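Chemist: Below: one structure in structure tokens.
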Amino acid sequence: MGAITLDMEVTSSIPPAKMFKAFVIDRDTLIPKVLPQAIKSVENLQGDGGAGTIKFTTFGEGSKHKCLKHKVDAVDKENFTYSYSIIEGDALDGFESISYHIKIVPSPDGGSICKNRSIYCPKGDNKVTEEEIKSGKDKASNIFKAVEAYLLANPDC
């Protein structure tokens, strides 16, 4: 089976610079604070957060995964883009690789649109079901919306 590419967009009333800062720059501390049941912690193992940084994530109690390592492929703070690849962990079970490409763009109403492309390269004949795809999209959207709700409730962040 070949690579599976999933594209999704999530809109927000938060401007792109603020959403990028929260969702990318501050994500290692913000997301475990906002969604401790999903992500317990994120730790830099190597690097300063820029390209080449290796991070270790542990998941919360309700997650089907325990931990993973990912490598930051690119961060562009001016164009609000961020790319990373999972390099180790149980999330890779059945996959050769998984990579994510995020771009946050302005929306006409002053908010933002988060464009997320996920690329899954299955091992051998491993198949990904529609249910798994929908579940992944729902989780990504829920994380984005939780960060948005936190920023709306805490405008000084």
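The values are calculated or read from the model by the stated rules, or taken from the named source; none is laboratory data. These numbers were taken from a predicted model, which means no experiment stands behind them. In this analysis, Cβ positions are derived from the backbone assuming ideal geometry, glycine residues included, and neighbour counts consider all displayed protein chains. Ligands, DNA and RNA are excluded from the accessible area calculation, which covers all protein heavy atoms including side chains. Shrake-Rupley method; radii C 1.70, N 1.55, O 1.52, S 1.80 Å.
Chemist: So which of GLU78, GLU88 ends up being acidic (Asp, Glu), open to solvent by 40 Å² or more (accessible area, probe 1.4 Å) and in a strand (DSSP E or B)?
Modeler: Testing whether each residue is acidic (Asp, Glu), open to solvent by 40 Å² or more (accessible area, probe 1.4 Å) and in a strand (DSSP E or B) leaves just GLU88.
Per-residue answers, yes or no, for (1) in contact with a helix residue (DSSP H, G or I) (Cβ under 8 Å, 6 or more places away or on another chain); (2) closer than 18 Å to LEU152 by Cβ:
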position	(1), (2)
SER12	yes, yes
ASP28	no, no
GLN37	no, no
GLY49	yes, no
ILE54	no, no
GLY62	no, no
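Chemist: Looking only at the stretch 91-106, filter to residues that are farther than 14 Å from SER118 by Cα and of a type in the set (A, V, I, L, M, F, W, C); which one of those is most open to solvent (accessible area, probe 1.4 Å)?
Modeler: VAL105
Chemist: Which one of these does PHE23 not meet: (1) surrounded by fewer than 16 Cβ atoms within 10 Å (Cβ to Cβ); (2) modelled with pLDDT under 90; (3) at negative phi?
Modeler: (1)
Chemist: Of the conditions (1) aliphatic (A, V, I, L, M); (2) outside any loop (DSSP other than H, G, I, E, B); (3) touching a strand residue (DSSP E or B) at 6+ places or on another chain (Cβ under 7 Å), VAL128 fails just one. Which one is it?
Modeler: Every listed condition holds for VAL128 apart from (2).
Chemist: Since THR11 meets every condition but one in (1) free of Cβ contacts under 8 Å to residues at least 60 places away in the same chain; (2) hydroxyl-bearing (Ser, Thr, Tyr); (3) in a strand (DSSP E or B), which condition does it not meet?
Modeler: (1)
Chemist: Condition test on LEU45, is it part of a strand (DSSP E or B) and either open to solvent by less than 30 Å² (accessible area, probe 1.4 Å) or touching an Asp or Glu at 6+ places or on another chain (Cβ under 6 Å) (or both)?
Modeler: no
Chemist: When you scan the stretch 118-157, how many residues do you find that are acidic (Asp, Glu) and either surrounded by 13 or more Cβ atoms within 10 Å (Cβ to Cβ) or within 16 Å of LYS64 (Cα to Cα) (or both)?
Modeler: 4
Chemist: When you look at ALA51, is it within 16 Å of LYS18 (Cα to Cα), open to solvent by 50 Å² or more (accessible area, probe 1.4 Å) and either in contact with a Cys (Cβ under 9 Å, 6 or more places away or on another chain) or not in a strand (DSSP E or B) (or both), yes or no?
Modeler: Considered against the rule, which asks whether it is within 16 Å of LYS18 (Cα to Cα), open to solvent by 50 Å² or more (accessible area, probe 1.4 Å) and either in contact with a Cys (Cβ under 9 Å, 6 or more places away or on another chain) or not in a strand (DSSP E or B) (or both), ALA51 comes out as no.
Chemist: Return yes when SER112 is farther than 28 Å from GLY2 by Cα, at pLDDT 95 or above, open to solvent by less than 80 Å² (accessible area, probe 1.4 Å) and in contact with a helix residue (DSSP H, G or I) (Cβ under 6 Å, 6 or more places away or on another chain) and no when it is not.
Modeler: Yes.
Chemist: If LYS64 satisfies every condition in (1) assigned to a loop (DSSP other than H, G, I, E, B); (2) in contact with an Asp or Glu (Cβ under 9 Å, 6 or more places away or on another chain); (3) surrounded by 12 or more Cβ atoms within 10 Å (Cβ to Cβ); (4) not aliphatic (A, V, I, L, M) but one, which is the exception?
Modeler: Of the numbered conditions (1) assigned to a loop (DSSP other than H, G, I, E, B); (2) in contact with an Asp or Glu (Cβ under 9 Å, 6 or more places away or on another chain); (3) surrounded by 12 or more Cβ atoms within 10 Å (Cβ to Cβ); (4) not aliphatic (A, V, I, L, M), the odd one out for LYS64 is (3).
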